[in-house]
Amino acid sequence: MIALPIGIGLVIGALVGLLGGGGSILAVPALVYLAGQGLPQAVATSLLVVGITAVVAVLPRLRRRQVAWRIALLFGAAGAATAFAGAAVNRALPEAVTLALFAALMIAAGVRMLQEKPATGTACTVESGRVNWRRCLPRTLAGGLVVGFLTGLLGVGGGFLIIPVLVLALGLPMPTAVGTSLVVMTINSAAGFAAHIGEVSLDIPITAAFTAAAVVAASVSGRLGARTGAGRLRRWFAWLVLAVAALIAGQLLTDLVASSA
């Protein structure tokens with residue numbers, strides 16, 4: 001039984017370290033469909049593991065100065081304020097509705113990332129490529145509020161939504177967006193976990209094995225991700241999101257057919 005969360009953790013850690021997101025969008029479905037956890041327990045476990053993994057994954061990017069700190073802290077603080085509201089809505093919705101919303105948002109984000117060319121010199125960035133956080137303060141706060149709510153609602157650290165917002169709406173270069181996303185994920189995951197933990201109990205052996213494997217994988221892939229080109233990271237991230245969305249949609253359709261038979 002422990003081998004399964006270790007395998008999941010290795011995949012999650014590698015994705016978080018390399019792409020700055022994608023951990024929770026795999027962790028929640030994997031814990032539900034493969035490990036047999038209920039959605040509330042999977043959400044809490046995912047938030048804890050992804051938050052810890054994001055801290056480890058951001059370390060190589062700190063040395064390369066690939067974090068826009070003011071944007072990360074403002075975005076994360078705004079998100080923390082709405083994570084509890086999202087968690088309250090999560091408890092009121094059926095699991096199938098939550099997972100369907102999850103898949104729909106992933107499809108929208110993935111398609112958008114593939115369609116858009118890298119945005120530079122817009123919103124937060126200036127002609128020299130530097131990040132000017134004052135220029136995009138309203139967008140930063142608005143994006144943080146929305147992503148924080150979805151973090152609580154869907155049980156994700158938010159990377160699969162944070163990165164499209166940072167790249168497409170704020171105009172950050174992809175490497176900076178990844179590093180910034182990891183800081184925001186840490187803040188959002190902590191807030192989301194605090195909002196959920198009072199309602200569920202964690203499976204300690206599974207959570208410990210999951211976390212340890214994810215941390216090891218993130219420490220290795222984070223160094224690789226810090227050196228990978230922006231365009232390649234962008235495409236990898238988009239296709240990952242679309243693939244997982246298709247898997248979730250397929251499982252939901254299968255469950256629907258089975259229930260109506």
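Structure summary
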quantity: Packing-based ranking, highest mean first, of 36-48, 89-101, 176-188, 62-74 given that Cβ atoms within 10 Å are counted; calculated: 176-188, 36-48, 62-74, 89-101
quantity: Whole-number percent relative contact order across the stretch 3-260, with pairs defined as alpha carbons under 8 Å at least 6 apart; calculated: 40
quantity: Order by protection proxy (mean Cβ within 10 Å, highest first), peptides 76-85, 209-218; calculated: 209-218, 76-85
quantity: Sites Ala96 and Arg223, calculated FRET efficiency, Cβ-Cβ separation with R0 51 Å, nearest 0.05; calculated: 0.85
quantity: Simple label model, 7 Å out from Cα along Cβ direction - Arg235 to Ala81, nm; calculated: 4.0
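Any read-out appearing in this document is the output of simple, stated calculations on the displayed coordinates, not a laboratory observation. This one's a predicted model, so the numbers in the text were calculated from it and none came from an experiment. When we count neighbours, we look across all protein chains shown, and the Cβ atoms used for this are built from the backbone with ideal geometry, even at glycine.
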